[in-house]
Each structure stands twice: as C-alpha cells, then as structure tokens.
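Participant: Have a look at this one before I ask anything.
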Amino acid sequence: MKIALIKERKNPPDKRAVLPPHICKKLMNDYPELTIKVESSDDRIFSDNDYRNQDVEVVNDISDCDVLLGVKEVPIDYLIPNKKYFFFSHTIKKQAHNRLLLKTVLEKNIELFDHEVIVNADGIRLVAFGRYAGIVGTYNAFRTYGLKHNLYEIPKANAHFDQNELVDELKNIQLNPFKIVLTGTGRVGNGAKEILDAISIKQVSVDAFLNETFEEPVYVQIDVLDYAKRKDGKIIDVFDFFKNPQAYENNFERFATVADMYIAGHFYSEGSPEIVSKEMMLNPKFNISVIADISCDINIPIASTIRSSTIENPIYGYNKFTNQETDYHSPLAIAVMAVDNLPCELPKDSSDGFGENFAKYVIPAFFNNDKEGVLQRAKMTEKGKLTERFSYLQDYVNQEK
C-alpha cells in the first residue's frame, strides 16, 4: 500500500502536514507493507530534507500512490482520478464555494474521506486541529486586548516557533484585573483553557464571576447550560440541548454585563439560540470590548462576527449601532478577532498533534479491515456517487450555480 502526503496548493499556503517525518518513519516500521511518499513542497513546515532524514522518499510525482493525504481543499485541476483522498473538503455543510469541488470528486471517481467526519461509533471526532485553534486563538485574544486598549503590543502568533514561546510571551505581559468568559468545553475550549492556566489566569466559578470583584485577571469556562436555558424553565441536561436546541433561549447576557473579554470556543448547531445578539450589544450594560471568535460562524450565534479575518489582518472593529465594520480602536467599536484558520499559525505543534491521532486511529483501519468502521463512516463518495451517510448532499451537488 502506498500513501502520499500531497503538496498544499490552496492560497494562502498552509504549512501544516497530516503526518510529520518521525511519524512517517514509525508507521513504515510498524507496517512493513506500507510505503509513504512525500510530494516535494517549499511551504510545508517540515522541509523535504526533514523527511529524507527519516528515510521517507520525496518525489514530484505521486500518481502511483493509492491514498493521498492533504490538509486543505485540493484545487480541482490537481485532483487525480480514481484515488482515495483525505482532506478537509468544507462541503458537509453545503458550503457554496466548494460545491464544484465535490461535484468534480464524483466525476473523477474519487473516494473522498473528509477529516471532519472521521469519528468513532459515538460520533466523536478522532482527528482535529481544534486544540491548537483554542491555543492560538487565546493568544490572539490577549494580543487584541492589548492593541484595543493601548496597553501593550506583542508579536503575532506565527512569529513564534511553538506553544511554549506563546506562553512565555504572554507571561511577560503586565495585566490589570479584568474578566474573561470562555464558552466551550471541547477541544477548542480546552485548548483555550490550557493557555489561560499556563499563564496563571485564575479560574473562578460562575457565581463568583457574576457577583464578585477581583484584584487580578480571572476567567470562567462555561458550557451550553450556562449560556442557554430552556424556555419552559426546566433544567434537564446537555443532551437535551443537543436534541432540542429550539427549546432553549439565550442566557449569556448576565456574563456580557460583567466580562471584559469573550473567547468563543463552543460548537454551534443550527437551531441553537444566539449567544451574543445585536440587541444584547445595545444594552448600555454590555461590557465586552474584545471578542475572540475562535469558532468563527458568520453572523450567528455571535452577531459581531460579520466576516472571518485573516492571519495577516486578524482584527476588525464592529460598530454595534450600525452593524458595520469600523476601526477597532474606536471607542464605539468591539474589537473582533475571527481568524478561521488559526492552527496555521502554529504549524509544527498542530501537525504533530494531528499526525499522532491520524496514525493512531486512521492508519490501522487500512490494515485491520476497518474493524472499527472509521473509514466507512468518513467515506463521502464511492464509485462516482455519494455514500448513504452523505446522500443529503445530493441536492447541493445538483445545483446549477
């Protein structure tokens, strides 16, 4: 069996890799029947020589390989017919800009496995960059806060080599007392918590956060039942929220009136209530001046996220009175950090973490007859058709425009 790591060709270039060099070598040692090749690239965080030094062949032609591994969407012109591809296709939510990509995958008889739907039998994702989105997003939140209030300036995250350097940079900041609310307890939220704990920001309870004052920076990490409540007043459990999101309404405003910074690391699903609405921001008691929207769902559930931002220009201002973009330094502006590819700023660490899980959960499935069903669940297309699990995308594929 031959696997290839493909060159990332989407712009701007992505430096991440599905498998770092040392993991490639280990896999080939563990599975003698496996060959891994690497398509030459000047953009990857690991150089061609890094792979050669681990006895991994670097080539310019990967057409003889069976399985092709990438991170971002593969440009249509570079899709090789009749292959198995793994990458983030960004099509499972019927994203309009990638409809032609999925259509071309079908036309070229490609078996597409989307990283986003590599899950276990309970639907829990097995490979993801979410932890590093939380780590980088939290660093960027502090950078945004300093720039917004003219308190300090620190370099962008991508100026640092790894997570340790991010932490060291933040530890050097002199912070006044302020309050941070963090939503989410999954990979993203816990990645954010990892940074907050590493720089010794004190975690407090919901009750203390809402009702007490502190002489140091503090944060609270909240989950869905803290920022949403049932309309009928019943308190059930988090699973009820996921099953019946329409039965819930917003309960975040109590945090918004006391918090200074909001780090959004939650998962949002259609039908869930807004978290930060336009009306909420018009409340004179609304106190949040910086929103780091790591989840980056446009317009909803956070109304100030009117667009995604970029690594090059990560911050924009939101005027809550006009619902329009403005200079984030303006006293009337909420400073928004909404970069949608945050792990790209920490490519080595994020590649190492992703690669470890890919090697642990995905590669074995090729050699054990997929006994856990990992490949079957993630397979979106087969023999020129959508698989049953993804048949809901057929109308999306059929659209003319």
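The values are calculated or read from the model by the stated rules, or taken from the named source; none is laboratory data. From a predicted model like this one, the values you see are computed outputs, not experimental measurements. Every residue, glycine as well, gets a Cβ built from its backbone with ideal geometry; the counts of neighbours run over all protein chains shown.
Participant: Only residues that are over 21 Å from the mean Cα position of the chain (by Cα), in a loop (DSSP other than H, G, I, E, B) and over 19 Å from D43 (Cα atoms): list them for the range 59-104, please.
Facilitator: Scanning the range 59-104 gives S63, D64, C65, D66, L79, I80, P81, N82, K83.
Participant: Next question. If we scan the range 119-137, do we find a residue that is farther than 20 Å from A338 by Cβ, out of contact with any Asp or Glu (no Cβ under 7 Å at 6 or more places or on another chain) and charged (D, E, K, R)?
Facilitator: Yes, the range 119-137 contains at least one residue that is farther than 20 Å from A338 by Cβ, out of contact with any Asp or Glu (no Cβ under 7 Å at 6 or more places or on another chain) and charged (D, E, K, R).
Conditions tested, residue by residue: (1) assigned to a loop (DSSP other than H, G, I, E, B); (2) free of Cβ contacts under 8 Å to residues at least 12 places away in the same chain; (3) of a type outside the set (S, T, N, Q).
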| residue | (1), (2), (3) |
| --- | --- |
| N299 | yes, yes, no |
| I306 | yes, no, yes |
| T322 | yes, yes, no |
| P343 | no, no, yes |
| G355 | no, no, yes |
| Q376 | no, yes, no |
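Participant: Select from the range 187-233 the residues that are of a type in the set (S, T, N, Q) and over 28 Å from A247 (Cα atoms) and write down the one among them that is surrounded by the most Cβ atoms within 10 Å (Cβ to Cβ).
Facilitator: Our first condition is that a residue be of a type in the set (S, T, N, Q); within the range 187-233, this holds for 190, 200, 203, 205, 211, 213, 221.
Keeping just the survivors that are over 28 Å from A247 (Cα atoms) gives 200, 203, 213.
Numbers: S200: 10, Q203: 15, T213: 9.
Filtering the range 187-233 for residues that are of a type in the set (S, T, N, Q) and over 28 Å from A247 (Cα atoms), the one surrounded by the most Cβ atoms within 10 Å (Cβ to Cβ) comes out as Q203.
Participant: Okay, next question. Which of the residues spanning the range 28-72 are of a type in the set (D, E) and in contact with a Ser or Thr (Cβ under 7 Å, 6 or more places away or on another chain)?
Facilitator: Going through the range 28-72, the residues of a type in the set (D, E) turn out to be 30, 33, 39, 42-43, 48, 50, 55, 57, 61, 64, 66.
If the condition is that a residue be of a type in the set (D, E) and in contact with a Ser or Thr (Cβ under 7 Å, 6 or more places away or on another chain), then D48 is the only one that fits.
Participant: Please determine, by comparing only the residues of the range 378-395 that are in a helix (DSSP H, G or I) and over 24 Å from the mean Cα position of the chain (by Cα), which one is nearest to L106 (Cα to Cα).
Facilitator: Just the residues of the range 378-395 that are in a helix (DSSP H, G or I), to begin with: 378, 388-395.
Subsequent filtering for residues that are over 24 Å from the mean Cα position of the chain (by Cα) retains 388, 391, 394-395.
Details: E388: 14, S391: 12, Q394: 11, D395: 14 Å.
Here the residue is Q394.
Participant: Might you let me know whether the range 286-305 holds any residue that is farther than 26 Å from D223 by Cβ and either of a type in the set (K, R) or in the same structural domain as L151 (by TED's automatic domain parsing) (or both)? Step through it out loud before you land on a result.
Facilitator: First pass over the range 286-305, keeping only residues farther than 26 Å from D223 by Cβ: none.
No, every residue in the range 286-305 fails to be farther than 26 Å from D223 by Cβ and either of a type in the set (K, R) or in the same structural domain as L151 (by TED's automatic domain parsing) (or both).
Participant: If you go through the range 21-41 one residue at a time, do you hit one that is buried (at least 19 other Cβ atoms within 10 Å of the Cβ), hydroxyl-bearing (S, T, Y) and either touching a residue at least 40 places away in the same chain (Cβ under 8 Å) or not assigned by TED's automatic domain parsing to the domain that holds H160 (or both)? Before you say what the answer is, go through the steps one by one.
Facilitator: Applying the first criterion (buried (at least 19 other Cβ atoms within 10 Å of the Cβ)) to the range 21-41 yields 21, 23-24, 27, 36-39, 41.
Narrowing the set further to residues that are hydroxyl-bearing (S, T, Y) leaves 41.
Going one step further and asking which of them are either touching a residue at least 40 places away in the same chain (Cβ under 8 Å) or not assigned by TED's automatic domain parsing to the domain that holds H160 (or both), we end up with 41.
Scanning the range 21-41 turns up at least one residue that is buried (at least 19 other Cβ atoms within 10 Å of the Cβ), hydroxyl-bearing (S, T, Y) and either touching a residue at least 40 places away in the same chain (Cβ under 8 Å) or not assigned by TED's automatic domain parsing to the domain that holds H160 (or both).
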